[in-house]
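Read the structure below first, then the notes.
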Amino acid sequence: MELKEISNLQIALDEKHGFPVKFSDEKTRYDQITKDLVGLFGEIGEFSNLVKKINLKMEHTENYKLDMKKTESALKEELIDSLIYIIRIGAILDIDIEYELLKKIAKNQVRYASLTPKP
């Protein structure tokens, strides 16, 4: 499935559950972006907290209790929750995330070409 299809699927699900991405005025639109940013930062915070706990476990192997398998599973979920918020904000701003991502990758290929190891 292409990123554009995934984005469309997520937005359709959001709208079905009462989370619109189209607004009649700019204030309402940016109010929603603000709410979604708070949600995104919350998910990034949860992701960061899990990374902190994994590092603590790595540093204090025998003294720090942590189920690594569950924590890594939760890490995946928090990252995907973050992606969902990014997809929503992109839809609210009418950004074609797939197109813009590919454009940015091409730009970075040029920008960082000198850092690519020579065979």
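Quick one: in region 19-35, of everything that is basic (Lys, Arg) and closer than 15 Å to Ile89 by Cβ, which residue is surrounded by the fewest Cβ atoms within 10 Å (Cβ to Cβ)? Spell out how you get there, then give the answer.
Step one: list which residues in region 19-35 are basic (Lys, Arg), which gives 22, 27, 29, 35.
Add one more test, that the residue is closer than 15 Å to Ile89 by Cβ, and what stays is 22, 29, 35.
On the way: Lys22: 11, Arg29: 16, Lys35: 13.
Among residues in region 19-35 that are basic (Lys, Arg) and closer than 15 Å to Ile89 by Cβ, the one surrounded by the fewest Cβ atoms within 10 Å (Cβ to Cβ) is Lys22.
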Does region 1-51 hold any residues that are of a type in the set (Asp, Glu), within 25 Å of Leu75 (Cα to Cα) and in a helix (DSSP H, G or I), and which are they? Glu5, Asp14, Asp36, Glu43, Glu46
For region 1-18, enumerate the residues that are loosely packed, with under 14 Cβ neighbours inside 10 Å and in contact with a helix residue (DSSP H, G or I) (Cβ under 7 Å, 6 or more places away or on another chain). Glu2, Lys4
Any residue in region 49-64 that is surrounded by 13 or more Cβ atoms within 10 Å (Cβ to Cβ) sitting within a Cβ distance under 7 Å of a residue that is small (Gly, Ala, Ser)? List the pairs, counting only those 6 or more apart or interchain. Leu50/Ala74
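Checking the structure you have, find out if any residue of region 77-94 is within 16 Å of the chain's Cα centre (by Cα), more than 14 Å from Gln10 (Cβ to Cβ), part of a loop (DSSP other than H, G, I, E, B) and at pLDDT 95 or above.
So in region 77-94, the residues within 16 Å of the chain's Cα centre (by Cα) come out as 77-93.
Those still in the list that are more than 14 Å from Gln10 (Cβ to Cβ) too: 77-79, 93.
From what's left, part of a loop (DSSP other than H, G, I, E, B): 93.
Narrowing the set further to residues that are at pLDDT 95 or above leaves 93.
Within region 77-94, one or more residues are within 16 Å of the chain's Cα centre (by Cα), more than 14 Å from Gln10 (Cβ to Cβ), part of a loop (DSSP other than H, G, I, E, B) and at pLDDT 95 or above.
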Exactly one of these conditions fails for Glu15: (1) under 20 Å from the mean Cα position of the chain (by Cα); (2) at positive phi. Give me its number. (2)
Within the set of pairs 6+ apart or on separate chains, which have a first residue in region 103-119 that is assigned to a helix (DSSP H, G or I), a second that is among the hydroxyl-bearing types (Ser, Thr, Tyr) and loosely packed, with under 10 Cβ neighbours inside 10 Å, and C-beta atoms under 9 Å apart? Gln109/Thr116
Hey, any hits in region 53-66 for a residue that's among the aromatic types (Phe, Trp, Tyr) and in a helix (DSSP H, G or I)? no
Could you check how many residues of region 103-118 are modelled with pLDDT under 95 and of a type in the set (A, V, I, L, M)? 3
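The values are calculated or read from the model by the stated rules, or taken from the named source; none is laboratory data. Not measured: the values here are computed from a predicted model. Note that each Cβ is placed from the backbone with ideal geometry, even for glycine, and that neighbours are counted across all protein chains shown.
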